[in-house]
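Below is one structure, written out as structure tokens; the observations come after it.
The values are calculated or read from the model by the stated rules, or taken from the named source; none is laboratory data. Keep in mind it's a predicted model, so treat the numbers as computed, not measured. Note: ideal-geometry Cβ built from the backbone for every residue, glycine included; neighbour counts use all protein chains shown.
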Amino acid sequence: MSAAGGRHARPGGASRNGRGRGGEQFMVPRAEFRSYYGRPVIKEPVWKEPDVPAYLFFGGLAGASSVLAAVAQLTGRPRLARAAKAAGLGGISLSSLALVNDLGRPARFHHMLRVFKLSSPMSVGSWILSAYGPAAGTAALCDITGLLPAAGAAATAGAALLGPAVTTYTAVLLCDTAVPAWHEAHREMPYVFAGSAASAAGGFALLAAPPGEAEPARRLAILGSAVELTAKQFLERRLGPRAEPYQEGRAGALLRAGEILTAAGLAGAGLSRRSRAGSAVSGLALLAASALTRFGIFEAGRISARYPEYTIVPQRERLQARAARPGHGPAAGVYSGGMSRGR
């Protein structure tokens, strides 16, 4: 029995019954991946649940809502604009509270602002939040109170410009770690996060705004859901067997539930253009779907860190690809056991 609790990697797409993709029976047993003293190869993330998934969800909702607020304001939909601005302020407030709670002390967030380092997603993200939060807050407060309309318009534009960065920098933050399920999905994850955030923002606006002004929210929800679901399909197809953490166990159940709710929310949004109750139900479904997606992705990362094969198989594939390049042989970093001296 391997240290992975009986789980085995399936290089080349081997299935659990020991057969390859073409149905041929393997003559040798599948590889088992062991680690010293039965411990994982890497440490599982120490980030807490529900703090970090909530931080991811509410931040995405806020950023996409600010973009929707600017569109609503430009197209003369004041009630939709107000709802989206309120979502921006409320979302970023809850996201920041969840982040600070996970950090343990508010001063730790302040300490991250002492430097600005482009190579650090956490550093860049801290500065993005510091700029976005006041802009989103000013936009919402000016709209609600009716004071300083020029300042409110400028703040709305500023929050809309920063909104896409707020929705996607957390995806970069996750994928910049050594956690296999996150790191291996770095190509598609920003699109998943952006699409999920747009779906949530559209869903909140369908819930809060009158149907007569909700058409931009409906279109944003449809576009976001399409981007999210398509990016997930590309992610799973490209990773192949390495996509198991996203498909099995609690993470798989959460993500499948999110997809079902997304489909239900989209169907309801398309059929309830004049119904306030129908729009509200669709909005709730889309919000729940976005939250489940964040929790599912977070859980998939935690699971992948526990089992050695999710770390070792991608390492070996990268080493084999590097060794196959012209001018790169075993001396280029592959030694006994097929492992490298550095990732």
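Here is a check on your reading of the model: is S196 within 20 Å of the chain's Cα centre (by Cα) and under 28 Å from L284 (Cα atoms)? For S196, the condition - within 20 Å of the chain's Cα centre (by Cα) and under 28 Å from L284 (Cα atoms) - is met. For region 232-257, the tally of residues that are in a helix (DSSP H, G or I) and within 13 Å of I297 (Cα to Cα) stands at 17. Contact map, region 38-61: residues that are at negative phi and touching a residue at least 60 places away in the same chain (Cβ under 8 Å) paired with residues that are loosely packed, with under 15 Cβ neighbours inside 10 Å and assigned to a loop (DSSP other than H, G, I, E, B), Cβ distance under 6 Å, separation 6+ or inter-chain. Pairs shown: I42/A178.
A quick yes/no check of all residues on (1) under 18 Å from L287 (Cα atoms); (2) in contact with a Leu (Cβ under 8 Å, 6 or more places away or on another chain); (3) of a type in the set (D, E, K, R):
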| site | (1), (2), (3) |
| --- | --- |
| G137 | no, yes, no |
| C175 | no, no, no |
| A208 | yes, no, no |
| E213 | no, yes, yes |
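Of all residues assigned to region 241-255, at least one qualifies as being at pLDDT below 95 and of a type in the set (K, R).
Applying the set (1) more than 13 Å from the chain's Cα centre (by Cα); (2) farther than 22 Å from D143 by Cβ; (3) surrounded by fewer than 24 Cβ atoms within 10 Å (Cβ to Cβ) to P180 leaves exactly one unmet item: (3). Out of everything in region 68-93 that is among the β-branched types (V, I, T) and surrounded by fewer than 24 Cβ atoms within 10 Å (Cβ to Cβ), what residue ends up being nearest to the chain's Cα centre (by Cα)? This residue is V71. Among the residues of region 155-171, those that are under 20 Å from A185 (Cβ atoms), at pLDDT 95 or above and out of contact with any Phe, Trp or Tyr (no Cβ under 7 Å at 6 or more places or on another chain) comprise P164, A165. Among the residues of region 136-143, at least one is more than 19 Å from S290 (Cβ to Cβ), among the charged types (D, E, K, R) and touching a Gly at 6+ places or on another chain (Cβ under 6 Å).
One residue alone among A217, A185 is of a type outside the set (F, W, Y) and outside any helix (DSSP H, G or I), and that residue is A185.
Results for (1) assigned to a helix (DSSP H, G or I); (2) buried (at least 17 other Cβ atoms within 10 Å of the Cβ); (3) free of Cβ contacts under 8 Å to residues at least 40 places away in the same chain, shown as yes or no for each residue.
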residue: K117; (1), (2), (3): no, no, yes
residue: S126; (1), (2), (3): yes, yes, yes
residue: A131; (1), (2), (3): yes, no, yes
residue: A136; (1), (2), (3): yes, yes, no
residue: G152; (1), (2), (3): yes, yes, yes
residue: F193; (1), (2), (3): yes, yes, no
residue: G212; (1), (2), (3): yes, no, yes
residue: S225; (1), (2), (3): yes, yes, no
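Annotation: G63 fulfils all but one of (1) in a helix (DSSP H, G or I); (2) surrounded by fewer than 21 Cβ atoms within 10 Å (Cβ to Cβ); the unmet one is (2).
Among the residues of this structure, G152 counts as one that is closer than 26 Å to P78 by Cα, at pLDDT 95 or above and in contact with an Asp or Glu (Cβ under 9 Å, 6 or more places away or on another chain).
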